[in-house]
């Protein structure tokens, strides 16, 4: 333990000796003018890259901003079956699913639990719910029923979505947490009478209730509620607004970040 402590302390001292000063950062050739001078705030360290403008749109507005220019491109491909969706199909199906949620009584701020593996329909559900202001909380499909029930209850979920393979676990979880109003199931030919078919919602809804959705306040309304791994205690929800996710997307898609390796199919 003493050896480890000395090693960490030595590393901290090395960082202190080689710390870059604010003045040297300002002299960087690609760094823009600082908002605050070194004299005013010598303790602030700036990135050598220029600031990234942060959009004010909510999540789906930002994603579909230039939709017409790429709507015919392939958006999602299932690695197991090869089935795929274009961006136009993705937008249409997600908006119909959002409409179906509103039709069923879902309101802005209601929570949908996604207990779904990495399949294309996950994206359709996520985009559709987000577009009408429904908050999403994601769960590992291999969770035990009591683990699923805990997150559903802690997040205040009204709806839960899964695939047939995990349906029994979800039903057991709903015996523990009684707040679920609808279990939505993906990919079952014969959807049980006590469940709702996802494909029925996403394909056969006429989309008319999409226009009845509530306005989304990007900086206040929660888009997604992921849960921490719970390494030092029970998992805890992390409330991420639309603005938070959009800001992160704007940062990682900035030309200086994505200036390498872009192919013809990349957007």
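Please treat every number below as a calculation from the coordinates, not as lab data. Note that the coordinates shown come from a computational prediction; the quantities given were computed from them, not determined experimentally. With ideal geometry, Cβ positions are generated from the backbone for all residues, glycine too; neighbour counts draw on all protein chains shown.
Residues 107, 220 in ascending order of nearby Cβ atoms (within 10 Å, fewest first): 220, 107.
Distance between the 7 Å Cα→Cβ label points at residue 144 and residue 61: 4.5 nm.
Between residue 172 and residue 45, what is the FRET efficiency for a Förster distance of 41 Å, r being their Cβ-Cβ separation, to the nearest 0.05? Taking R0 as 41 Å, the efficiency between residue 172 and residue 45 is 0.20.
Taking segment 43-65 and a reference point 7 angstrom along Cα→Cβ of residue 250, the backbone N atoms nearer than 15 Å belong to 50-65.
By definition, a body whose alpha carbon gyration tensor gives a ≥ b ≥ c is rounded when a/c is under 1.5, and segment 45-145 falls into this rounded group.
For residue 83 and residue 217, the difference between the fully extended length at 0.36 nm per residue and the C-alpha to C-alpha distance is 44.8 nm.
Taking a ≥ b ≥ c as the square roots of the Cα gyration tensor eigenvalues, with a/c under 1.5 meaning rounded and otherwise prolate when a/b beats b/c, else oblate, which class fits segment 133-267? Judged from the Cα gyration tensor, segment 133-267 comes out prolate (a/c at least 1.5, a/b above b/c).
Highest mean first, what order results for 229-236, 131-138, 109-116 on Cβ atoms within 10 Å? Let's see the in-between values first.
Numbers: 229-236: 9.4, 131-138: 23.5, 109-116: 21.6.
Ranking the peptides 229-236, 131-138, 109-116 by packing returns 131-138, 109-116, 229-236.
Is the shape of segment 120-201 best called rounded, prolate or oblate, per the rule: a/c under 1.5 gives rounded, else a/b larger than b/c gives prolate, else oblate, with a ≥ b ≥ c the square roots of the Cα gyration tensor eigenvalues? Oblate is the answer for segment 120-201, as a/c is 1.5 or above yet b/c matches or exceeds a/b. Please check which bits of segment 144-166 a label hung off residue 181 would reach, taking the label as a point 7 Å along Cα-to-C-beta and the cut-off as backbone N under 15 Å. Of the residues in segment 144-166, 156-161 have backbone N under 15 Å from the label point off residue 181.
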